[in-house]
Structure formats: C-alpha cells, structure tokens
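Each reported figure results from applying straightforward, stated rules to the coordinates on display, with no laboratory input. Worth saying up front: this structure is predicted, and the values here are computed from it rather than measured. Glycine gets a Cβ as well: all are built from the backbone with ideal geometry, and neighbour counts include every protein chain shown.
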Amino acid sequence: MPRVAIEYCTQCRWLLRASWMAQELLSTFATELGEVALVPGQGGIFRITLDGEQLWERKADGGFPDISVLKQRVRDRIAPERDLGHVDRRD
C-alpha cells in the first residue's frame, strides 16, 4: 500500500497544518493508502512525498498546497480512475 510522508518544520510550528492534511488524505483515501506519516524537520521544510516521490515542496512550489490540489496529485498516482467529486469540479 502507498505511503505518504509529510515532513514539516517544528520551528515554524507547522504540525497542525501537517496533521490536518494527513487527516484529509486518510479520510479521502481510506482504503487506498497504507500510511500517512508525519515527519518532524527544521529549517522551514514542508515537503510531501508519496513512496519517496515528491508531490509538493513549499519552497519549490511557492507555499502550501491547496488541499484539493494535493488530493488530486495523490489520486493521480494511486487511483487515476477515481472521481474526487466536488474537488474535480472546482473552477
């Protein structure tokens, strides 16, 4: 089963943001994900990976991901045929 890791900066106090994103992913992909891990880091890090492949990095991607964008990126890799409902129909 796929593993998502959310590495967050403890100095910046981004645990709450990271845990909320983890909760959203686990709620949406309850049967498709094996794990969502919270990984403490430092130096302004906020990186999300799926099985070691980077999905989002705060500095490279210009901030934090919108949760709908993150869900789409995860879906595109683990269940591309899956419809995310209203997340896919946002304009």
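Projecting the Cα atoms of VAL87, GLY43, TRP56 onto the charge dipole of the chain, computed from C-beta unit charges around the Cα centre, puts GLY43 farthest toward the positive end. Backbone N atoms of region 34-75 closer than 16 Å to the 7 Å Cα→Cβ label point of VAL87 belong to residues 34-37, 48-51, 55-56, 65-75.
Place a point 7 Å from the Cα of ARG17 along the Cα-to-Cβ direction; which residues of region 50-91 have their backbone N under 19 Å from it? Residues 50, 54-74 fall inside that zone. Of the Cα atoms belonging to region 1-53, the radius of gyration and Dmax stand at 10.9, 33 Å.
Past the 18 angstrom mark, what percentage of all C-alpha to C-alpha distances in the chain do you count? For the chain, the fraction of Cα-Cα distances above 18 Å is 40 percent.
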